[in-house]
Amino acid sequence: MVSSINMIHSLFIINSSGDVFMEKHWKSVVSRSVCDYFFDQQRKVGNPEDMPPVIATPHHYLISIHRCCMFFVAVCMTEVPPLFVSEFLHRVVDTFEDYFSECTESIIKEHYVVVYELLDEMLDNGFPLATESNILKELIKPPNILRTIANTVTGKSNVSATLPSGQLSNVPWRRTGVKYTNNEAYFDVVEEVDAIIDKAGSTVFAEIQGYIDCCIKLSGMPDLTLSFMNPRLFDDVSFHPCVRFKRWESERILSFIPPDGNFRLMSYHIGSQNIVAIPIYVRHNISFREAGGGRLDITVGPKQTIGRTVESVMIEIPMPKAVLNCSLVPNQGKYSFDPVSKVLIWDVGRIDTAKLPSLRGTINLQSGTTAVESNPAINVQFTISQLAVSGLKVNRLDMYGEKYKPFKGVKYITKAGRFQIRM
């Protein structure tokens, strides 16, 4: 009976070339040929992001995510909540990034043993078990050169012989007996703006995907409360399991015993109820109708940034197939045009309001081109430090249960998510 309700049966990791370079089975072995259904679907879509997340086959369900240029494909024997499986797969990738600092095919191959040990602990009989980084690091020591050499010589593994203290408590995400000489709590409020701006500069669509990442290094078992100046801004929220949800529902205050180290406290969405401020504008003029080619003129400037500097600005324009090359002059930064992919990239950098960045010049078209089918769209990347574009502000952070006074800090960052301007 247990096997019939087994949630995740197997995991296949597929690289960008379409090779299954790693597989893990928690029950009986599922043949690798089940991935043929996945490859059939992959051939029908041009972009990895267009891949359907759930594929039903005659005997299995394949639930996949695409991260780090790889597909992580979970095989389930029965119908299961797909978001539950997707969340577990994302947690697997997050754990690999936490352990190995990056998640690539070569890194996974290099640390095969640790990867299999982690997957054994993270899933038990098909169900997620230990997915908290703190608990896993007590169970399985992160690899380093000395430990790898010692294990090779002695034949030992990275798996601890004792059960993590946190798994025995009612706060499984935090180990007991944590001690620091400097007690610190840092919070990063990061907001990504997703927007579509039309040709006239009006906002067609705009929303904010935000999250609060924490780095908590506090001794003992601190109990924290975090309050906001304007918590009614949130349209939708999701929390780390440490947050007491009833307190949030009644008082709009985050009350929690934090995990030790780095973790994501909450994610939120702002958009449907609020007007989202657009922090950057692009003045553009493109023409393909002139003799022998066309002209391009782009200027970038800040908007509604409360005096904050817009940095790391990148402009990307997928040009029509008829474009052969571009002869452009930027007054700031560098540009490149790939004649194969037809993508123009302008690395602007930082915007100086005294002299706005601009890119001007001519576009060379194939001879005999009569009319270009449609004007391209501009994809924009940017970062603004010390600004939460929604206006969200942390009010205060209080600590209970411990006598010391910790050092506290909050940092705000606004970034472009999927930010597109139509020309």
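The values are calculated or read from the model by the stated rules, or taken from the named source; none is laboratory data. Predicted model only: the values in this text are computed from it and were never measured. Quick reminder, even Gly has a Cβ in these numbers, built from the backbone with ideal geometry, and neighbours come from all protein chains shown. Areas reflect the complete protein model, heavy atoms only, side chains present, ligands, DNA and RNA absent. Shrake-Rupley method; radii C 1.70, N 1.55, O 1.52, S 1.80 Å.
At a glance:
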| read-out | value |
| --- | --- |
| Viscosity 0.692 mPa s, temperature 37 °C, Stokes-Einstein D of region 280-385 from Kirkwood C-alpha radius, µm²/s | 228 |
| Carbon/sulfur fraction of accessible area - region 280-385, other protein chains in place, 1.4 Å, % | 48 |
| Estimated FRET transfer efficiency when R0 is 45 angstrom, pair Ala200-Asp236 (beta carbons, to 0.05) | 0.90 |
| Label point distance in nm, Thr57-Tyr37, each placed 7 Å from Cα along Cα→Cβ | 0.6 |
| Residues with amide H under 5 Å from that of Val178, placed H, sequence gap 5 or more | Gly220 |
| Residues whose placed amide H lies under 5 Å from that of Asn183, excluding near-sequence neighbours | Phe407 |
| Lysines whose Cα lies under 27 Å from that of Lys415, excluding same-chain neighbours fewer than 8 positions away | Lys199, Lys217, Lys303, Lys334, Lys342, Lys355, Lys393 |
| Whole-Hz ³J(HN,Hα) from phi, Karplus 6.51 cos²θ - 1.76 cosθ + 1.60, for region 341-350, glycine and proline x | 7, 6, 9, 9, 10, 10, 8, 7, x, 9 |
| Inter-label distance, nm, simple model (7 Å from Cα along the C-beta direction), Phe127/Met314 | 4.3 |
| Integer Hz, Karplus 6.51/-1.76/1.60 couplings in order for region 116-127, x for Gly and Pro | 5, 4, 4, 5, 5, 7, 6, 10, 10, 6, x, 10 |
| Amide proton proximity set for Met22, modelled H, under 5 Å, gap of 5+ | Ile13 |
| Computed label-point distance, nm, for sites Asp338 and Asp352 using a 7 Å Cα→Cβ extension | 3.1 |
| Average Cα contact separation per residue, region 8-154, under 8 Å, 6 or more apart, as relative contact order % | 21 |
| Helix-only [θ]222 nm of the chain, DSSP H runs n ≥ 4, -39500 (n - 2.57) each, per residue, nearest 500 | -5000 deg cm²/dmol |
| Sum of side-chain charges, Val80 neighbourhood, beta-carbon under 15 Å (Lys, Arg +1; Asp, Glu -1) | -1 |
| Å² of accessible area per residue within region 280-385, as computed with a 1.4 Å probe and no ligands counted | 54 |
| (1) 43, 32, 20; (2) 40, 24, 18; (3) 36, 29, 20, with the label sought being that of the calculated semi-axes √(5λ) of the Cα gyration tensor in Å | (1) |
| Dipole moment magnitude, nearest 20 debye, the chain about Cα centre, only Lys, Arg, Asp, Glu C-beta charged | 1040 |
| Backbone HN-Hα couplings from phi across region 45-57 [Karplus 6.51/-1.76/1.60, Hz, Gly and Pro as x] | 10, x, 10, x, 6, 8, 5, x, x, 10, 10, 8, 10 |
| Carbon and sulfur %, accessible surface of region 1-108 computed with the full protein complex present, 1.4 Å | 54 |
| Solvent-accessible area per residue, Å², over region 84-131 with all protein chains present [probe radius 1.4 Å] | 44 |
| Stretch gain in nm, segment Ser374-Thr225, where the contour uses 0.36 nm per residue and the Cα spacing is subtracted | 48.4 nm |
